[in-house]
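Below is one structure, written out as structure tokens; the observations come after it.
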Amino acid sequence: MSESASARQGEMNHVPEERLRAAAEAVLIVADEPVTAAALAEALGLGERAAEELLGSLEAEYAAGDIGQDDSGAGRTRGFVLRRAAGGWRFASAPEFSDLVERFVVGGARTRLSQAALETLAVIAYRQPVTRGRVGAIRGVNVDGVVRTLRARGLVEEAGSEPGGAILYRTTAEFLEYLGLDSLEDLPPLAPYLPDTAALAGIEDEMSERSH
């Protein structure tokens, strides 16, 4: 840790906890990507462990939802939560308002991925690293255009190539952020857009036989 960072950490040790929580919220609100504990620690002049504990405390506070009563005496709830995503932390809309948020997003400038794009993305996510040819064989259609779209959206990227020269593709950190996941381990056992495991194995065996 630099001398200036150490001095700042010493100063922040004397800041009231509520002030620290407010400062963390300010950083999280303006961040355009998930904020890691290390990044928050640097911004606030805290130790990384203290920053991680602060984030965990905020997560629990927002998850509780209840923020008191309104003028009529009825309970009020927050419309957002703090959750892990792509190795960091970010604010997200509360799950109970997912339908409302979806209608807002769909009606706005941001467009959802097409069914074809979702299916292609699912295959890449569960079989990565994988070539376009293999993805196309699993889906039964040419996926060149869809893969270009997914790359343009930052959801997939090149991941080297096979010995024969075919380019391999994998999902990106933005893909995790798009789905609100912390890591690929958080993916469900099998995406709804994919054939079952036995069907995938059969397709791959058939492709292997054709290549020999």
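Summary table
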item: Neighbours by Cβ (under 6 Å, 6+ apart or cross-chain): first from the stretch 34-52, among the acidic types (Asp, Glu); second in a helix (DSSP H, G or I); result: 48/37; 48/38; 48/41; 52/37
item: Answer residue from the stretch 116-163, given it is of a type in the set (Ser, Thr, Tyr) and surrounded by 13 or more Cβ atoms within 10 Å (Cβ to Cβ) and is farthest from residue 86 (Cα to Cα) among those; result: 131
item: Considering residues of the stretch 104-115 that are of a type outside the set (Val, Ile, Thr), at pLDDT 60 or above and surrounded by fewer than 15 Cβ atoms within 10 Å (Cβ to Cβ) only, the residue nearest to residue 136 (Cα to Cα); result: 115
item: Which listed residue is small (Gly, Ala, Ser), modelled with pLDDT of 90 or more and within 26 Å of residue 179 (Cβ to Cβ), from 31, 63, 38, 86; result: 38
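The values are calculated or read from the model by the stated rules, or taken from the named source; none is laboratory data. Computed from a prediction, not measured in an experiment: that's the story for all the values here. Don't worry about glycine lacking a Cβ; one is built from the backbone with ideal geometry, like all the others, and counts go over all protein chains shown.
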